[in-house]
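Input: a single structure, listed below in structure tokens.
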Amino acid sequence: MTALLYTTVWAALAAFGLGETMRRVAAPREVAARRAWWTHTAGLILMAIHIAIAMGVVHQWSHASAIEATARQTDDVYGLSFGGGVFINYVFVGVWAVDAWWWRARTPPRIDETSLRLLRVLYLVVLVNAAVIFASGWRQLAGAAFIGWLLWAWRGAPFRG
């Protein structure tokens, strides 16, 4: 089950990064933009599946267990016993869902540069913690490569189509 847990999260991250990359190059082309959206949304679905697996298999649907485990991990890394990371993950997925909905709206309002930067900072803080700081071994290296890829996809003038 651990393999499925890691597979879903890494596939979700790959789809997120690919969606962000495709979004940047797809701006003027409708078909490419749809493919980018589907890729981005597939990542969201995989992340929801990952959370469901973690909650069901690892924590037996107990938020208390998830909060306790998160607090232990946070204490090991930061020296602060904080279990709120569970809820930060829920916010992350919720923001991702709103972002996907916003992007797919028939007449999406353009997101201003400040809001886009704040969105990317939220994504980056959560993803750096999840994929690099709390990871170990080869996963930490893969996480660092993923963050590099994401920063590359976001380089230059901000675009949100």
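The values are calculated or read from the model by the stated rules, or taken from the named source; none is laboratory data. Since the structure is predicted, the reported quantities are computational estimates derived from the model, not experimental observations. Here the Cβ is made from the backbone with ideal geometry for all residues, glycine too, and neighbour counts use every protein chain on show.
Quick notes
- Taken across segment 21-36, residues that are under 21 Å from Gln140 (Cα atoms), out of contact with any Asp or Glu (no Cβ under 7 Å at 6 or more places or on another chain) and not hydrophobic (A, V, I, L, M, F, W, C) do not occur at all.
- Scan of segment 97-132 for residues that are loosely packed, with under 12 Cβ neighbours inside 10 Å and closer than 23 Å to Thr74 by Cβ, ordered by number: Val121
- Filter pass, Arg160 being of a type outside the set (Phe, Trp, Tyr), in contact with a helix residue (DSSP H, G or I) (Cβ under 8 Å, 6 or more places away or on another chain), surrounded by 12 or more Cβ atoms within 10 Å (Cβ to Cβ) and at pLDDT below 95: yes
- Residue check: Phe87 meets all listed conditions (1) in a helix (DSSP H, G or I); (2) touching a residue at least 24 places away in the same chain (Cβ under 8 Å) but one, namely (2).
- Unique residue being β-branched (Val, Ile, Thr), more than 16 Å from Ala54 (Cβ to Cβ) and touching a helix residue (DSSP H, G or I) at 6+ places or on another chain (Cβ under 9 Å) when the list is Val121, Val95, Val126: Val95
- Odd one out for Asp112 among (1) modelled with pLDDT under 95; (2) touching a Gly at 6+ places or on another chain (Cβ under 9 Å): (2)
- The set of residues in segment 130-141 that are over 11 Å from the mean Cα position of the chain (by Cα) and in a helix (DSSP H, G or I) comprises Val132, Ile133, Trp138, Arg139, Gln140, Leu141.
- In segment 50-73, the residues that are at negative phi and surrounded by fewer than 17 Cβ atoms within 10 Å (Cβ to Cβ): Ala52, Met55, Gly56, Val57, Val58, Ser62, His63, Ala64, Ser65, Glu68, Arg72, Gln73
- Evaluation of Trp10 against the conditions (1) surrounded by fewer than 20 Cβ atoms within 10 Å (Cβ to Cβ); (2) at pLDDT below 95 shows that the sole unmet condition is (2).
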